[in-house]
Amino acid sequence: MTDDTKKIDGGQILKDSFIFYRSFAEAIDDLPDREQLKVYQAIKEYALNEHEVELTGIANSFFKLIKPQIAANNRKYLNGTKGGRPPKKEKPNNNLKGTKEKPSKNQNISKGEPTSGQPKTIAKPNENGNGNVNENGNGNDEKPPPFFLGIKNKLKEKGFPLDDDSALESLIANTDPSWFDGHSFIDFVADVVLEEYSGKPKREQRRIFRKLLFDAANLRDEYPQWREQREKEDAARLKKDTREKALAAIPKNCPKCGAELSSRLCCSMHGWFDFQEETLEYVFIESGKGEQNFSIMFENFRSGKKAAR
């Protein structure tokens with residue numbers, strides 16, 4: 001376990017730190033102060049304690065966009081605290097004193113190396129950089145970690161499968177883990193290949209993709225800006241969708257008497273509803289609460305303008 005983790009009752013691992021992305025802040029900055037506080041508290045609780053805070057309205061919508069990234073980071077963090085593969089248990093030596101163990105028929109004997117009573121075997125490397133074995137296994141039916149498989153699946157989904165596990169392990173070891181989440185570096189390279197080399201045969205596209213994925217330093221320089229732009233587009237799309245959804249939730253009855261509201265969202269006896277852009281909610285304004293409110297309601301009636309618009 002690393003220095004920035006600790007355990008509580010039940011063995012749950014708590015974190016003392018987490019990654020907060022610039023795109024999170026840029027999206028949350030557009031919210032009213034009250035809603036910003038709710039989202040920040042939800043991020044803090046989920047990232048450090050894996051506790052989900054109950055949210056409603058626009059704060060809930062924005063947190064849903066951010067939550068998958070935090071969950072992915074938490075999974076990678078948890079995998080890192082497990083320490084990889086446990087050491088192999090030594091087999092008891094049941095040979096009689098002075099006898100030498102004979103190699104099995106399938107056992108490879110290294111040449112040119114001194115022996116010390118027992119032949120040495122040539123071990124086939126099958127471990128990746130974090131101590132977990134790859135899909136070839138090690139005889140104990142161990143599986144590669146979800147992070148490793150997730151990257152292989154992503155490559156396959158984009159149409160550029162990669163079966164060279166050693167090369168993939170090298171890529172993982174030399175790349176920021178966050179580059180494999182969300183709008184990933186794999187997505188970026190795939191987009192470049194499909195846009196600039198669309199006229200080439202698929203086999204040639206795969207060769208170019210692999211070359212760019214491992215060796216194109218210029219693409220690694222360009223990727224952060226590409227990702228930031230995609231995240232801004234996501235935030236803008238979410239903001240637009242959230243507003244349209246809130247606008248569509250039009251109140252139908254007066255909260256005072258239960259009467260059905262007119263097309264102007266008004267009740268002739270008690271008041272009207274007005275849509276608040278800051279909170280994306282319909283707020284009921286009672287008539288008689290002040291001369292200014294009455295004037296606004298009268299103007300809405302006179303102009304035939306819906307309060308929500």
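Some observations on this one:
- Placed amide H near Glu281: partners under 5 Å, 5+ positions off or other chain: Gln276
- Placing unit charges on the Cβ atoms only, positive for Lys and Arg and negative for Asp and Glu, gives region 157-238 a dipole magnitude near 380 debye about its Cα centre.
Read-outs: derived from the displayed coordinates by stated rules, not from any lab. All values reported here derive from a predicted model rather than from experimental measurement. Cβ: placed from backbone, ideal geometry, glycine included. Neighbour counts: every protein chain shown.
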